[in-house]
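Contents: one structure, followed by commentary.
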Amino acid sequence: GLALSAADCAVWDLKARRHALPLSRLLGTARQRVPVYGSGGFTTYDAERQHRQLAGWVHEEGIPRVKIKIGESSGNEVSRDLTRMTAARRTIGDDAELYVDANGAYQRKQAIRVARAAAELDVRWYEEPVSSDDLVGLGLVRDHVRPDVAAGEYGYDLVYFHRMAPYVDCLQIDVTRCGGISEFLRAAAVAEAAGLEVSAHCAPHQHLPVAAATPNLRHIEWFHDHVRIEATLFDGTVPATGGSAPVPLEDHGNGLTFRAERAEPYRVA
């Protein structure tokens, strides 16, 4: 699945370059800027590091939606989860949206209890509150909490998204896993047929052209580590100032150029 995804993305990029077109134009641009949310807030961060990261996104870059990880120690540190959520809300203020990602760590009713305990924090996005393999559990949590429940990042085929659609509020799709750009568009169509929006998982610059061509896209995950790696190894990356990333509409292909000299120190023989 991963290899097929890489090959499919590469072939689409090659086709766009051969036709001297931006990839988003080849796919059919639906928007010229794509909304993003800042993603990081790992459980390993101390309070000061979490504050600096979230404050940077919201108060310096103007990104109005940010996500932190919860579900520490397989759901056995709920008190710290709630403390960090409270601190996150304090950092970002009342106007920015707060997202959380439990990475499937909670049990069904535990996930509901956590959401209710955090009700005053106005969490808008509850990612994988239970295992993404527990479709019934996702649906149960979705029906009993206020935030939107999201999952789907582990989808490797179209049937996966078809099965999951009835149990979530927003389907996540990862172009590096799902079968590439071709399957991303099909998965988004499955979601749209179910009345759902989709969100692109990680690898933000790889997603940018296909995200621009997806009418029912909600946002791209502006994942801290991936943004840093992409900006280090490629020319053509873009900022997300103001909460959206501009779609490359001038350069051919996906708009990125690999910087081999930057990658050389990381070469493995």
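Protection proxy ranking for 171-182, 39-50, using the average of other Cβ atoms within 10 Å per residue and placing the highest first: 171-182, 39-50. A straight chain from ARG163 to SER73 at 0.36 nm per residue would run longer than the Cα-Cα distance by 29.5 nm. For the range 198-264, the convex hull spanned by the alpha carbon atoms encloses 86 Å³ per residue. Surface calculation, 1.4 Å probe, protein heavy atoms: TYR167 sits at approximately 70 Å² accessible. Counting only protein heavy atoms and a probe of 1.4 Å, the accessible surface of the chain is 50% carbon and sulfur. Every helix of 4 or more DSSP H residues in the chain counts as -39500 (n - 2.57), and over all residues that averages to -12000 deg cm²/dmol at 222 nm. Per-residue 3J(HN,Hα) values for the range 114-120, derived from phi via the Karplus relation 6.51 cos²θ - 1.76 cosθ + 1.60 with θ = phi - 60°, read 4, 4, 6, 5, 9, 4, 6 Hz in sequence order (x marks Gly and Pro). In this structure, the amide hydrogen of LYS67, modeled 1.01 Å from its nitrogen in the peptide plane, lies closer than 5 angstrom to those of GLY38, SER39, GLY40, TYR99, counting only residues at least 5 positions away or on a different chain. Computed over the range 1-142, the percent of Cα pairs more than 21 Å apart is 54.
Looking at the range 174-269, the GluC sites (Glu not before Pro) that sit in a DSSP loop and have at most 15 other Cβ atoms within 10 Å of their own Cβ are GLU250. Between the Cα long axis of helix 181-193 and the first principal axis of the chain there is an angle of about 50°, rounded to the nearest 10. Stretching ALA260 away from ASP225 to a fully extended chain increases their span by 10.7 nm, per 0.36 nm per residue minus the current alpha-carbon distance. Ligands, DNA and RNA are left out, and with a 1.4 angstrom probe the accessible area of the range 26-151 is 46 Å² per residue. Rounded to the nearest whole Hz, the Karplus-based 3J(HN,Hα) values (6.51 cos²θ - 1.76 cosθ + 1.60, θ = phi - 60°) of the range 2-10 follow the sequence 5, 5, 4, 4, 4, 5, 5, 4, 5, with x at glycine and proline.
For ALA47 and ASP133 in one chain, what is 0.36 nm times their gap in residues minus the Cα-Cα distance, to one decimal in nm?
So the extension gain works out to 27.8 nm.
Ordering HIS59, HIS252, HIS219 by accessible surface, largest first, gives HIS59, HIS252, HIS219; the 1.4 Å probe counts only protein heavy atoms, with every chain in place. A cut-off under 14 angstrom between Cβ atoms defines the neighbours of TYR156, and their net charge, with Lys, Arg +1 and Asp, Glu -1, is -3. Amide H to amide H distances under 5 Å link GLY253 with ARG17, LEU21, LEU23, where only residues 5 or more positions off or on other chains count and H is placed in the peptide plane.
The values are calculated or read from the model by the stated rules, or taken from the named source; none is laboratory data. Quick caveat: nothing in here was measured; it's all calculated off a predicted structure. Glycine gets a Cβ as well: all are built from the backbone with ideal geometry, and neighbour counts include every protein chain shown. Side chains included, ligands, DNA and RNA excluded: accessible areas come from the protein's heavy atoms. Shrake-Rupley method; radii C 1.70, N 1.55, O 1.52, S 1.80 Å.
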